Structure formats: structure tokens, C-alpha cells
Amino acid sequence: MSGYSHVAGRAAELLFTVLLVIFSLAFIWYSTVIPDPPRNVAVGPRTFPFILGGLLLACSSFLAFKQVSQVFSGRVDDPAVEESVPVEDDAEIGDWSGVFVTLGAFLVLLLVLEWLGFLLSFTCFIFFLSTYFVPKKWKVNLLVAPVFATTFYLMFTKLLGVILPNGLLSSII
Amino acid sequence: MESFANIQAGFALALQPMYLLMALGGAALGTAIGVLPGIGPSLAISLLLPFTFQLVDPVGAFIAFGGIFYGAMYGGSTTTILINTPGESSSVVTALDGYKMAQNGRAGAALSTAAIGSFFAGTVATFALMILAEPFVSFALSFGPAEYFALMVLSLCTVTAIGGGHPSKAAFSTLLGLSMGMIGLDSTSGQLRFTFGEASLFDGIDVVVAAIGLFAVSEVLFGLGNLRRQPESRLVSPGPLRMTKEEWKRSIAPWFRGSGLGFIIGVLPGAGATIASFMAYALEKKVSRHPEQFGKGAIEGVAGPEAANNASAGGALVPLLTLGIPGSATGAVMLAAFQGYGINTGPLLLKNHPDLVWGLIASLYIGNLMLLVLNLPLVGLWVKLLKIPEALLYPMILTLSTLGVYSLNRSIFDLYMLFGIGIIGFLLRRFRYPLAPVILGLALGPLLETEFRRALIGSRGDWSVFVGSPIAASALLLTLAFILVPILIKAVRSVSGVKPQMP
């Protein structure tokens, strides 16, 4: 395994660290526009964010520099050696389309949640995702999705007394 | 001794039927979470918070959380030993010898030594917590803002240096969490910061929402993003849960060593169960008369690490309950839970809420016993959880996460924040930035700033207040050591051409 030795992987990580530097600069800038209170105080509301911004910039700049020097030298740090304890999980993705489909489905869920109602939207969500990844089992998914969605819905509404939008089923539930 | 009198009162509380049920529920849930890969105790507690806020009092809630915390350590070893897939990162090292033992027909012995070692270590750690609580609190009552600030800085630095991942990436994660903690209304000046005019951000980012986004959403994305490439796992049957006389003899000393080492490491912020188990494995290999057997099914390689990871869970509760400083993502979420119940943490927690603290400690003894019963005879039941198709499990986790976040404030904005933080968590994980420091930074950020400002206001702007007290100065010196020593060691190694060794 090594996504890091792959050119696209290294370019992606370099882009990510550049984004971190931009984020740090933006954080510092926003810290400077926080108004200080009119009276003279030892430490105002912008002091701590400013210090944090400086540290963020230093850290992200170091990471970006490290990435750039790796790209130019062709040397790749072995994460297994560099990390004090291995970061818990595998960082590789085998199916990027699966990631984007999941994100897209999740976003659509949030957009239609209140209009469609929790019960209907979660039933569709669970069925769609489970069938997308395992199309052969669509009949099982069709059975399981409404059962789970209803169980969760009842758990939150009846047990916890949380009011959830019913959307299109408002006249029925 | 006062601790023994207090623990008696704690048992009187913890043995009430309602709290026994909470302990059992927490232990069972913790075991299930430990068995299922990808879901850790911090995420489980985050998802459970909406339920506990509505249904139970703080004592019951924390008894359940304690059960989850310990239970996850027990459950993680089951899948590690039987299918070579660690349910928890703290069980990764157990796979080196545990799965080999299973392949050699000794799965039952591996499970037994893991469970009994976990019980022993959990009991020892709870006893140590019980003894240390009062002295720690007495010592901490003398702390002022400068001392608290310095200890929190030390805590965050330890997390960065040894909590996992590349130190500079861990540092960025910590700083990112601290900067997220700056969002919202500044309690001292009343000034709004980084809210961009959005009213929903006036109260800042909820630690629970961030924890669910970072851990649950990113885990689901990784899980579904790797679903089609996962190899079929080969489940080894547990078989009879018996150890031979020789296996008992070889397990006892590792249990003791693992318990001691795990507890001490657990007390250190950031140095959690994963580090404890790795160090215990290295120790057992070093002291063993047959180090060549390690990696081929040495029972010491299971007994020591499994004892260590459970003892570290008990150790991690020491700074949380006595100082109000969490040392891990799980501790940070528990801190958020305290705040959600309106309970102030710190040394006064023991004085103002003795029933909560002693009830929790007593229930850890009870929960530990429950876990031994749940994990050994019922191991076959837990293994069945692994038969839930991941294509269904992951959407269900997202469903529960969405419902849990929505039930906190009934806010759609919180859900969009969950989505956004989930993407951030996914990207951080993709590029090997650890996630736990982000949550720790978010939880500690506001506290850190408050103590920083209090110290400077008290000293009228004199920055030497941070080095004026011996405790603060020592903590800051240790912080500097944590930062500089690894850099110096690396520089010396690169000059002398020595490569670092893996344990």
C-alpha cells in the first residue's frame, strides 16, 4: 500500500496543505477584525485567536514546506515510521464514486428532510444507499429500510418525546 | 480512609435497580461498539447523549458512559482474536498473537486471557482511581488560573506528541480544534467571533455535533468508500473457553504489568489505550524468556496489552474527574456531557457532586464484573453482530447520527454543520491527520482561553505569571520538552544515520 507514492496522491496532499495555509491566513485576518472592547484590558477578545492563528500558520506552512520538499526530492516519508503511533485506520479509498454518492445522498436527505418528513426521507435514504452498494439484495433492503426508519422514528418521538417533522405524512401520523 | 467510606456510599447508590440497569446497558452497548469496527466509545457516547439528556439523571448517564468506555475495550478484543479485524484501535496489537492463537486452535484461551485480564486490570484501575481521587483533588484545589492554563497546554501537547499520527499533523489537528472553539460569543467581553452573522453559531460549535461529524460521518464515508474492496474475513470459531495450567501461569504476570503500565499511561493526557497496549506488548516481548514466540501465538502478547488497554480507561478518568481536563476524545465528549447537565468540572466536582463521582466509581467495579459475564459466555452472540451487512449498517449509523444531532436543538443548521464537519473529518483522515485532537481542542479551547485571560487579568497584564508558580513553570517546561526532545532525537539520528525502530 502507498497512496503517497502515487503522483495524484501527493498532488492532492500538497493541495490540501496549501488550503490549510490559506485557512490559517484567513483565520488571522478575521481575528484582526474582531472589535476590541472600548476599555483598556490586558487581554481582549482577539488576542487568543490571533495567537492561535499564528500557530496555525506556522504549523501549516511547515507541513506545506515538507510536502513541497518531498515532491521535489522524490523522497516519501514512510508514515509507519514517522507517526508516533499509527493513525488508527487505513487512509486509502478504494471506491471514490461510493464516497461521492454517499455525500450526495446525505446532502439530498438534509435538503428534503423537512419537506418529505423524517420517516419517508430516511426510508428512501437507507434503501437507496444499501441498494447502491449491494444491488442484488434490493428486496431485503426494501424490507429492512422502512423497518429501521420506523424504529428510529418511534424511538425518538415516543421514547424521547422529540418532535420530528412528518412532512408529506403529516395528515396520517 | 475517607475513600473507603465514600465508596461505600457510592455502592449504596450504584446498587439501586435503575443504576444497575444503566450499568448493564452501558456495558452491553460498549461491548457491541467494541465488536463493530469503526464505532468507538466517543462516538457511542455522543450518539447516546440526546437519549440521556431526556431520560436519565447525570448519575445514571455517567454510569452508562463508564460502562461503554470499559465495554468497548472488552469488545474490541473479540473481533481481533476471531477474525483478525480489530474492533478498536487499542486492540490492534492483540491481533499479532491473538489471531495466531485462534488459528492454532487456542481461540478460547485467547478470549479468556483477554477477558480475565481486562477484568483484573479494570478492577485495579478503578481501585487506583478510588485511592487517588481525593489526594489529586486536594492538590488541585491550590491551582490558580496560571496552573490550569499550563496543565491544559501540557495536556494538549502530550496529545499532539504521543497521541497518534505524525506530530506536526497532530499539532495542526489540535490547533484546528482550538480555533473551532473560538467560534461564538466570547463570555468575557460579550463579543461575537467568527459567526459571520449566523445566529445559530452564537453558542459556538457543539462538541457532540463535532464528534458525530468527525467520527461517524467520516467513518461511514471511509467504510462505504472501501466496501467493495474488503476481503472476506475468516471467522474462527471460539471453541471451549478454557486455559491450560501453563497458560494461566504465563498470563498472571502480564496482567499485573499491563494493569500498572496501562493505568499510568491512561492518566497521561493523549496517551490513551492504543499507546498503552503497544507499550505493554513491547514490555512483554522484552521481559519474556521466549521472545521468539511473539507474533506466533504467545499468550503474553494478548494478556499484557488487553490488561493495559482496560487499565488505561480507568486511568483516563483521573484527570477528567479530578481536574476537569480530558485526555482523549472520549473524555472530551464526557466533559461536554457534564456541561450539558450544567455540572462544572474541576476539583470542586468531587465536593459539589460526590454522589456522581463515587456512584460512577462504584458502578465501574460492578460494570467490570458484568463485562466478564457478558463477554465470556456470550461471545458467540457478539460475533453475530458482525453479520449485519455493512451496506445497511453504515446508512443506519448516518440515520442515527442525523436524528441524534437534530434532537439536540431541533436545528437544520446543526445538520448542515454535521455534513460540513463530516467532510472536514474525512479529508483530515484521508491525509492522516488524527481526529481526536480536534475534539480535545474544541472542548478545551474556551476553557484554555478563560484561564489564560484570568491569569493575565489577575496579574494586571504581567506575562511572568505563567512561570511564577512552580507547578505552572514545571508544566510549561515539560511541554517544551515534549516539543523539543523528539526534534532533537530526530536531528541526532539523521546526523548519525540511525533509522528509528518499530516496536
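Listed values for segment B:296-306 are Karplus-derived 3J(HN,Hα) couplings in whole Hz (6.51 cos²θ - 1.76 cosθ + 1.60, θ = phi - 60°), namely 10, x, 7, 5, 4, x, 9, 4, x, x, 5, and x replaces Gly and Pro. The distance linking segment B:104-172 with segment B:273-345 is 6 Å (Cα centroid to Cα centroid, whole angstrom). Please identify which residues in segment B:110-146 have an amide N closer than 18 Å to a label point set 7 Å out from the Cα of B:SER187, following the Cα→Cβ vector. Output list for this probe position: B:143-146. Shape class for chain B, computed from the alpha carbon gyration tensor (a ≥ b ≥ c): rounded, with a/c under 1.5. Derived scalar couplings between HN and Hα for segment A:91-105 equal 9, 7, 10, x, 9, 5, 5, x, 5, 5, 5, 4, 4, x, 5 Hz in order, rounded to whole Hz, by the Karplus curve 6.51 cos²θ - 1.76 cosθ + 1.60 (θ = phi - 60°), x for Gly and Pro. Carbon-plus-sulfur fraction of the accessible area of the protein assembly as shown, 1.4 Å probe, in percent? That share works out to 68 percent.
Using the structure shown, select from B:LYS245/B:LYS296; B:LYS286/B:LYS490; A:LYS137/B:LYS387; B:LYS249/B:LYS296 the pairs with a Cα to Cα distance greater than 22 angstrom. With Cα atoms farther than 22 Å apart: B:LYS286/B:LYS490.
Go ahead and run the numbers for FRET between A:LEU159 and B:LYS286, Cβ-Cβ distance against an R0 of 60 Å, rounding to 0.05. Efficiency for this residue pair is about 0.70.
If you take all other residues with their beta carbon under 12 Å from the beta carbon of B:VAL438, and give Lys and Arg +1 and Asp and Glu -1, the sum is +2. Here r is the Cβ-Cβ distance between B:LEU369 and B:LEU477 and R0 is 41 Å; the resulting FRET efficiency, rounded to 0.05, is 0.45. Entry for the protein assembly as shown at q = 0.12 Å⁻¹: log10 I(q)/I(0) = -1.45, Debye formula applied to identical alpha-carbon scatterers, no solvent contribution. Model label sites at B:ILE457 and A:LYS137, defined 7 Å from Cα along the beta-carbon direction, differ in position by 5.7 nm. Full extension of the chain segment joining B:ASN409 with B:ALA199 gains 74.3 nm, where the gain is 0.36 nm per residue of separation less the Cα-Cα distance. With R₀ set to 56 Å, the beta-carbon distance separating B:LEU141 from A:VAL7 gives a calculated FRET efficiency near 0.45. Placing dummy labels 7 Å off each Cα toward the beta-carbon, the span from A:PHE65 to A:LEU25 is 1.7 nm.
What whole-number distance in Å separates the alpha-carbon centres of segment B:349-409 and segment B:192-225? Value for the Cα centre distance between the two parts: 22 Å.
Remark: segment B:54-61, residue by residue, has Karplus-estimated 3J(HN,Hα) of 7, 9, 10, 7, x, 4, x, 4 Hz, where x stands for each Gly or Pro and the curve is 6.51 cos²θ - 1.76 cosθ + 1.60 at θ = phi - 60°.
The values are calculated or read from the model by the stated rules, or taken from the named source; none is laboratory data. Note that the coordinates shown come from a computational prediction; the quantities given were computed from them, not determined experimentally. We place every Cβ from the backbone using ideal geometry, glycine too, and count neighbours over all the protein chains shown. Just so you know, the surface numbers come from the protein's heavy atoms only, side chains and all, with ligands and any DNA or RNA stripped out. Shrake-Rupley method; radii C 1.70, N 1.55, O 1.52, S 1.80 Å.
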